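To start, the structure under review is shown below, and the notes come after it.
The values are calculated or read from the model by the stated rules, or taken from the named source; none is laboratory data. What you are looking at is a predicted structure, and each value in this text was computed from that prediction instead of being measured. All Cβ positions, glycine included, derive from the backbone under ideal geometry; neighbour counts span all protein chains shown.
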Amino acid sequence: MSADLMKSSPLGTYIEHCKKGELAYQVCTDDNTPVFYPRAVAPKTGSAKLEWRVSKGLGTVYSTTVVHAAKDQPPHNVALIDIDEGYRMMSRVEGIDPMQVKIGMRVKVKINQGDEKQLPYPVFTPAEGAK
């Protein structure tokens, strides 16, 4: 992504929050609806009146599956997470056997900072006392 686009785009703003260890999302100020993934206009209203907010980073697993990608790599999960602020996102739950990730499990965000080839991105870990 070019430096100019990174500074001026909704994705660029989101990535900057991730670099600070924050899970950010937008809210349409016309109807107070959360918006995720980052956009230039709200999908429901078409409004450009979007405000950035930082999530507390807590959520609940809505759906999960285990992916067996290659023989030389361990399986991993892909999960849909309902974030407490009212939006759903796709990610994965780490720090637990992929087969132990369950629908209804409480999770908290952890931002992987990436490297020179990978931008920072959010994943989740089981929340304290989660079952």
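Restricting the search to the range 9-32, which residues are within 12 Å of residue 86 (Cα to Cα) and either hydrophobic (A, V, I, L, M, F, W, C) or at pLDDT below 95 (or both)?
Correct list: 27, 32.
Just checking, does the range 67-78 include any residue being more than 22 Å from residue 104 (Cα to Cα), in contact with a Ser or Thr (Cβ under 9 Å, 6 or more places away or on another chain) and β-branched (Val, Ile, Thr)? No - not one qualifying residue is present in the range 67-78. Residue count for the range 10-35 under the criterion of being charged (D, E, K, R) and either more than 11 Å from residue 49 (Cβ to Cβ) or assigned by TED's automatic domain parsing to the domain that holds residue 86 (or both): the result is 4. Among the residues of this structure, residue 69 does not count as one that is in the same structural domain as residue 14 (by TED's automatic domain parsing) and without any contact (Cβ under 8 Å) to a residue 40 or more places away in the chain. Of all residues in the range 37-57, those that are more than 27 Å from residue 107 (Cα to Cα) have Cβ atoms under 6 Å from Cβ atoms of residues that are among the β-branched types (Val, Ile, Thr) and not in a loop (DSSP other than H, G, I, E, B), 6 or more apart or on another chain, in 44/33.
Note on the range 81-128: residues that are in contact with a helix residue (DSSP H, G or I) (Cβ under 6 Å, 6 or more places away or on another chain) and under 17 Å from residue 55 (Cα atoms) amount to 2. Would you call residue 45 within 29 Å of residue 9 (Cβ to Cβ) and either of a type in the set (Gly, Ala, Ser) or assigned by TED's automatic domain parsing to the domain that holds residue 20 (or both)? Yes. In the range 83-107, what count of residues is obtained for those that are crowded, with 16+ Cβ neighbours inside 10 Å and charged (D, E, K, R)? Here the count works out to 4.
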